[in-house]
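For reference, the structure discussed in these notes is given below.
Values quoted throughout were computed directly from the atomic coordinates according to the rules given, and no laboratory measurement underlies them. This one's a predicted model, so the numbers in the text were calculated from it and none came from an experiment. Positions of Cβ are generated from backbone atoms using ideal geometry, with glycine treated the same way; all protein chains shown enter the neighbour counts.
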Amino acid sequence: MKAVVLTCDKYMPFADHTIQTYEKLWRNNYFTYRVPYNNNYPQSIKKKYGDKIELIKTESPIKATVLTLLQDLDDNEWIYWCMDDRYLVRIRDREAQEVYNLVKTIEEPQICSFLLIATKPYFHTDKFIKKDSKLFTKSGLVLYETVFSDGRVISSSWRPQFVRVKIIRRMFESFPDYNFKAAEMNDFPKKKLEGEKFYVPEKNLVIVGESTHRGELTENCASSFKKMGLEIPPNFTVTNKYMLQGKLPYKVAGFEFTLPVKMQNFITSVNRWYWRQK
């Protein structure tokens, strides 16, 4: 399966970092990472990942980049959508792999997306999920259809997910033709067609970190670079923003548990302090 990584020459270190987190934390993934470049062929990244990566030369505007990445793919092909601004921190890799296995069996073309991250409260209430419309993985993990299936707007379009090519292609084809900035995409309409279905797991499967905030490197991403043995890009200032999405219980000897909020905050503070010193 193609994992489409949206990036550009300037942000190539973040694409490298994102891919490395997937390779380290989701070791049995079946992805081939499709990565764009503009002027500078990233030879070191090709050497690092070999056949696990496809480097595609594109024009620099975001719209042209995405449409070029998808141009040879069928509308109904499944891809894994992972932008360079969302890297893996933790994952329930067994359950995520089962979602992948389920996706590969889906023949109904109206089923279009499976999120791995379920953080917003509405994904856990009857108001926003259809309890009577669900799918199951082999181990029994439930994936619920969301009420956004009934609307005309795509939700959670930048989050990591299994998605059909037609959803991403149509979304970017509808964007303006001028060379817009990435932040502007949040305000662009993202329309879906009637009958297209979107699913979310009953429990969150990943924690992801945001790589940058307003053009600066987040503190959490800087820490992750250090943990991964990567050099922090010299042309980025490190901000004190600490931006993670999703929560997962800890697991020791097969037993899962959740720490009290104050204890979790304390551990996070110690972790932040430690990596600032490295």
Have a look at the DSSP beta bridges in the stretch 2-207 and tell me what percent are antiparallel, nearest 5. 55 percent
Quick check on the stretch 134-278: take the gyration tensor over C-alpha atoms, sort the square-rooted eigenvalues as a ≥ b ≥ c, and tell me if it's rounded (a/c under 1.5), prolate or oblate. oblate
Residue-by-residue Karplus 3J(HN,Hα) for the stretch 52-57, coefficients 6.51, -1.76, 1.60, Hz, glycine and proline x: 7, 9, 10, 9, 10, 6
Distance between the C-alpha centers of the stretch 32-71 and the stretch 134-163? Whole Å please. 28 Å
Just how large is the dipole of the stretch 2-207 about the Cα centre, in debye to the nearest 20, putting +1 at every Lys and Arg Cβ and -1 at every Asp and Glu Cβ? 520 debye
Too long for a 19 Å Cα-Cα cut-off, among K166/K191; K48/K104; K24/K203; K2/K166, are K48/K104; K24/K203
Of G151, G209, G229, which is the most mobile in a GNM of the chain whose springs link Cα atoms less than 10 angstrom apart? G229
Cross-link partners of K130 among aspartates and glutamates (Cα-Cα below 13 Å; sequence separation of 8 or more within a chain): E145, D150, E202
Could you work out the per residue convex hull volume over the alpha carbons of the chain, in cubic angstrom? 146 Å³
Which helices count as membrane-span-like in the chain under these terms: full DSSP H, at least 24 Å along the axis by C-alpha, Kyte-Doolittle mean of -1.0 or more? 261-277
Connecting C-alpha atoms closer than 10 Å in a GNM of the chain, tell me which of F162, F257, F225 has the biggest fluctuation. F257
Once the in-chain neighbours fewer than 8 apart are removed, the aspartates and glutamates whose Cα is under 15 Å from K10 read E59, D84, D85, E216, E231
